[in-house]
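Report on the following structure.
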Amino acid sequence: MALRVIGAGIGRTGTMSLKIALEQLGFGPCYHMVELLDNMPSQLPLWQDAVAGRPDWEQIFQGYHSAVDWPTARFFRELNETYPDAKFVLGYRSPQSWAESFSHTIYMALSDISQAPPEQHEWLHMVTEILRQNGIPPGLDVAGLEKAFAAHIEAVKAAIPPKQLLVFEAKDGWVPLCNFLDVPVPDDPYPRTNDRAEFWEIMKGEH
C-alpha cells in the first residue's frame, strides 16, 4: 500500500484538521503524530531508525493511505523519492502566527523533557532531533523560529514539483484541497481542531 497524500506542513499548521479532512475525503487512514503516541512500543523504534538514517517506510506506513504532521513532514524529500506518485499538501500560516503558536505548545513541551512523564522521554528526545534536522534546534527566539519556518516552506517548494504540491491554509477550506485531489467538495464545514488547549490534552493522552 502506497501513500497517496503526504503532508509536508510541520506541526501547528493545521495538521490535525488536515488528517480529519483527508480521512473524510477517502484518503484514510491518515498517519499523524497521535498514531505514534497511541502505538509507542511499535512505532517509536521505527522513527528512531528513520532519524538515524535507516527508515523503513513500508513498515512505518503499513495500512495508511496518507500521512501528515511530524515526524512525516521532516522527510518530504525522502518520501517524494519513495512515493513518486503521491501528492503533497504543504500546510501554511503566517510565520509570525506559527512561531507564536509553536513556542507556546511544541517548543514548550520540549523545553524541559525531565518534567514530562518518564514514558514520554524517549519520544520527546526523538521529536527534538526531528526538529533539529528540520532546521529548528532548541533555543531559537521568535525571530529565529519565523526564519526556520520560512526556510522549511521554501525547501518544500524547491524539492516537490509544482504539479504535485498544494500550499494550503486551513482557512482556505475544502475547495482548493478537493480540486487538488480531484474529489467532490463536502457540504459540511472544513474541520477545525487542535487549538492550544487541545494540544495539551493530546500531550497528556486525553485525546
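Toward the positive end of the charge dipole of the chain, about the Cα centre and with charges on Cβ (Lys, Arg +1; Asp, Glu -1), which of Q115, Q59, G11 goes farthest?
It is G11.
Give, as a single signed number, the net charge of other residues whose beta carbon lies under 14 Å from the beta carbon of A155, with Lys and Arg counted +1 and Asp and Glu -1.
Numbers: positive: R74, R77, K147, K157; negative: E78, E154.
Summing Lys/Arg as +1 and Asp/Glu as -1 gives +2.
How would H104, H32 line up from fewest to most surrounding beta-carbon atoms within 10 angstrom?
Details: H104 14, H32 27.
Ranking H104, H32 by Cβ neighbours within 10 Å, fewest first, gives H104, H32.
Can you list residues from other chains, or at least 5 along the same chain, whose modelled amide H is less than 5 Å from the amide H of L165?
For L165, the qualifying residues are F88.
Can you tell me the FRET efficiency between Q48 and C178 if r is taken as the Cβ-Cβ distance and R0 is 30 Å, rounded to the nearest 0.05? Please list the in-between numbers first.
Values: r = 36 Å, r/R0 = 1.20.
With a Förster radius of 30 Å, E is 0.25.
To the nearest µm²/s, what D does Stokes-Einstein give for segment 64-161 at 25 °C and 0.890 mPa s, using the Kirkwood radius over alpha carbon pairs as Rh?
Values: Rh = 14.6 Å.
Translational diffusion coefficient: 168 µm²/s.
Please return the longest stretch of the chain lacking exposed loop sites, where trypsin sites (Lys or Arg not before Pro) count only if DSSP places them in a loop and at most 15 other Cβ atoms lie within 10 Å.
Values: sites that count: R192, K204.
Result for the longest clean stretch: 1-191.
Can you tell me which aspartates and glutamates have their Cα less than 12 Å from the Cα of K163? Leave out same-chain residues fewer than eight positions away.
D85
Can you work out ³J(HN,Hα) from phi for every residue in segment 133-150, in order, using Karplus 6.51 cos²θ - 1.76 cosθ + 1.60 and θ = phi - 60°, giving whole Hz and x for Gly and Pro?
After applying 6.51 cos²θ - 1.76 cosθ + 1.60, I find 5, 8, x, 10, x, x, x, 6, 7, 4, 4, x, 5, 4, 5, 5, 5, 4 Hz.
Here are labelled values, (i) 52, 37, 35; (ii) 47, 36, 34; (iii) 55, 32, 30, and one is the computed Cα extents along the principal axes in Å for what I pasted. Which one?
Only one option fits the structure, namely (ii).
Express in whole angstrom the spacing between the alpha-carbon centres of segment 19-52 and segment 137-156.
Answer, in whole Å: 24.
Find, among the chymotrypsin sites (Phe, Trp or Tyr not before Pro) in segment 45-115, those assigned to loop by DSSP (not H, G, I, E, B) with at most 16 other beta-carbon atoms within 10 angstrom.
On the way: sites: W47, W57, F61, Y64, F75, F76, F88, Y92, W98, F102, Y107; in loops: F61, Y64, Y92.
For chymotrypsin sites (Phe, Trp or Tyr not before Pro) across segment 45-115 that sit outside H, G, I, E and B with at most 16 neighbouring Cβ atoms in 10 Å, the list is empty.
Laboratory data are not the source of any read-out in this text; all were calculated from the coordinates shown. Please read all numbers here as calculations on a predicted model, not as lab measurements. In this analysis, Cβ positions are derived from the backbone assuming ideal geometry, glycine residues included, and neighbour counts consider all displayed protein chains.
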